[in-house]
Amino acid sequence: MQTHNLIRKNPRGNAANSPSYIAVLAGVCLLGTLAPHVASAGLDGNSARVLPPQSHAYGRSYGQWSEAWFLWCFSLPTTHNPIFDTADIGTGQSGPVWFISGNFTGTPVVRQGTVPAGTALFFPIVNFWADNTDCSNGQIISDGNSVDVLRQILKGNVDQARNLSCTVDGVAVSGLTDGIHTPFRAQSSSPEGFSYQLPAHDNLLNFLGASCWTGSTDEPLQVSAAVYHPVADGIYIMLSPLTPGNHTIHCSGQIGTFVEDFTYHITV
């Protein structure tokens, strides 16, 4: 088993029923055509900026956008990835929603970037992913856990989330209580898990110690939902497009002893 808080590294398990999973604390690609309905949802001064968790912003639920966030995260090599500070904020982004993230060290991070006008931002404050990807004797294997087992693992971690906060231009998002009571918690929505692609080299699984997940060519590697059942659980924010100018987003959260703290200075 392997747990990570964007990222805290532990040895990877090779036994069956020992799932691999990652906690991504903090955590903006994708296409959508429907304009979001913006409602206050009791979000203090951010009522015109934070889209409610029950909304289907740009045609997707929070749970569906959480899957999209992970597809973006997995799709980029660690050598060219904003999460690793090896690429700028626009890398891998497309469409009306971009993603931002924290980092893998648990130390505060401050970033700058330019976002096109009319672009929404989606990001986790704390989130976890679990699937059955693993290695045994240098070969790719599946740990064989069910979706229900993987979701229970995630639940046990996200339930512990505390000290959650997010401010946009100094205005706090309300409702960020804890992992159990916040309305901003969302689970990935695909019943059997979501499929994703990995670069053939320098991918996230390699970083986590799964060296067998490396391609012999440059073709992307496929992680199939039918075999590996990737699922996710976390606390997310969807911001409607920021006005032209300069903005600051600051978020933090804690699970166990791991604290995520990230700040973005964004120019629109």
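The values are calculated or read from the model by the stated rules, or taken from the named source; none is laboratory data. Since the model is a prediction, treat every value here as computed from it, not as a measurement. Please note: Cβ atoms are built from the backbone with ideal geometry, for glycine as well, and neighbour counts cover all protein chains shown. Each accessible area value is taken on the protein alone, full model and side chains, heavy atoms only, with ligands, DNA and RNA left out. Shrake-Rupley method; radii C 1.70, N 1.55, O 1.52, S 1.80 Å.
Output the direction-averaged projected area (hull surface divided by four) of the convex hull of the alpha-carbon atoms of the stretch 218-268, in nm². Approximately 7.0 nm², given one-decimal rounding.
Got a sec? What order do Arg111, Arg49 fall in by accessible area at 1.4 Å, biggest, i.e. largest, first?
Arg49, Arg111
Distance between the modelled labels on Lys155 and His80, one decimal in nanometres: 4.1 nm (7 Å Cα→Cβ projection). With a 1.4 Å probe rolled over the protein heavy atoms of all chains, the accessible area of Thr257, Thr177 falls in the order Thr257, Thr177, largest first. Taking the charge dipole of the stretch 74-172 about its Cα centre, with +1 at Lys and Arg Cβ atoms and -1 at Asp and Glu Cβ atoms, the residue from Asn157, Val110, Ser136 reaching farthest to the positive side is Val110.
Once the piece of chain linking Asp178 and Ser165 is laid out straight, how much longer is it, given 0.36 nm per residue of separation minus the C-alpha distance between them?
Computed gain between Asp178 and Ser165 is 3.7 nm.
In the stretch 146-268, taking the dipole from charged Cβ atoms about the Cα centre, the farthest positive-side position among Asn206, Thr243, Tyr196 is held by Thr243. From a point 7 Å beyond the Cα of Thr91 in the direction of its Cβ, which residues of the stretch 184-212 have a backbone N at a distance under 15 Å? Residues 199-205, 207 fall inside that zone. Zone of Cys212 (label point 7 Å along Cα→Cβ, backbone N under 13 Å): which residues in the stretch 120-141? Under cut-off, by backbone N: 132-141.
Proximity of backbone amide H atoms, modeled 1.01 Å from N, is registered between Thr177 and Thr182 at under 5 Å, excluding neighbours fewer than 5 places apart on the same chain.
A straight chain from Gln222 to His56 at 0.36 nm per residue would run longer than the Cα-Cα distance by 57.0 nm. Averaging Cα coordinates gives a centre for the stretch 76-91 and one for the stretch 211-268; these two points are 11 Å apart.
Simple spin-label estimate for His201 and Thr105 gives 2.5 nm between the two label positions (7 Å along the Cα-to-Cβ direction from each Cα). In summary, the convex hull built on the alpha carbon positions of the stretch 109-155 has an orientation-averaged projected area of 6.6 nm². Divide the volume of the convex hull around the Cα atoms of the stretch 105-217 by the residue count and you get 184 Å³ per residue. Normalised by the number of residues in the stretch 143-250, the mean separation of alpha-carbon contacts (under 8 Å, six or more apart) gives a relative contact order of 34 percent.
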